[in-house]
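First the structure, in the form of structure tokens, and then the observations on it.
The values are calculated or read from the model by the stated rules, or taken from the named source; none is laboratory data. What you see is a predicted model, and the numbers here were worked out from it, not measured in a lab. Please note: Cβ atoms are built from the backbone with ideal geometry, for glycine as well, and neighbour counts cover all protein chains shown. Only protein heavy atoms, including side chains, enter the accessible area calculation; ligands, DNA and RNA are left aside. Shrake-Rupley method; radii C 1.70, N 1.55, O 1.52, S 1.80 Å.
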Amino acid sequence: QVQLVESGGGLVQAGGSLRLSCRAAGSIFSIGLQGWYRQVPGKQRELVASITNGGITTYADSVKGRFTISRDGVTNTFYLHMSSLESEDTAVYYCKADRVRVRGGWEDDLWGQGTQVTVSS
């Protein structure tokens, strides 16, 4: 069974930077799609960025040019580098993995536990 373990959230001043990490633990052969989402109270969870195992990335318009998603296929860890942070970036951030190839088949729709990012203005 695959688990996603997040780390790296915290409190940062506006204009600062943070890096979130998400490690996929388990007997994993490959991960097809990895993404970061965020959610604030009263709103739907939204996609922030995603990356395929081929390195193709997508970003929400609100974070383009400020956030970068990357992955390490050897350690099955992916990252969200956040810079020029704004108060509007305050949210709980979740990592997600799909098309995870494991012994005996595939797993999809796997979520991390969430990590709080708070940007003070």
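What to note about this one:
- The residue that is nearest to CYS95 (Cα to Cα), among those in the stretch 28-63 that are open to solvent by 80 Å² or more (accessible area, probe 1.4 Å) and assigned to a loop (DSSP other than H, G, I, E, B), is ARG45.
- Residue check for SER21: touching a residue at least 40 places away in the same chain (Cβ under 8 Å), open to solvent by less than 30 Å² (accessible area, probe 1.4 Å) and not hydrophobic (A, V, I, L, M, F, W, C): yes
- Of the residues making up the stretch 9-18, those that are surrounded by 16 or more Cβ atoms within 10 Å (Cβ to Cβ) and either touching a Lys or Arg at 6+ places or on another chain (Cβ under 7 Å) or not in a loop (DSSP other than H, G, I, E, B) (or both) are VAL12, LEU18.
- If you filter the stretch 73-121 down to residues that are over 12 Å from the mean Cα position of the chain (by Cα) and hydroxyl-bearing (Ser, Thr, Tyr), you find that the one that is nearest to SER30 (Cα to Cα) is THR75.
- Filter pass, ASP72 being at pLDDT below 95 and charged (D, E, K, R): yes
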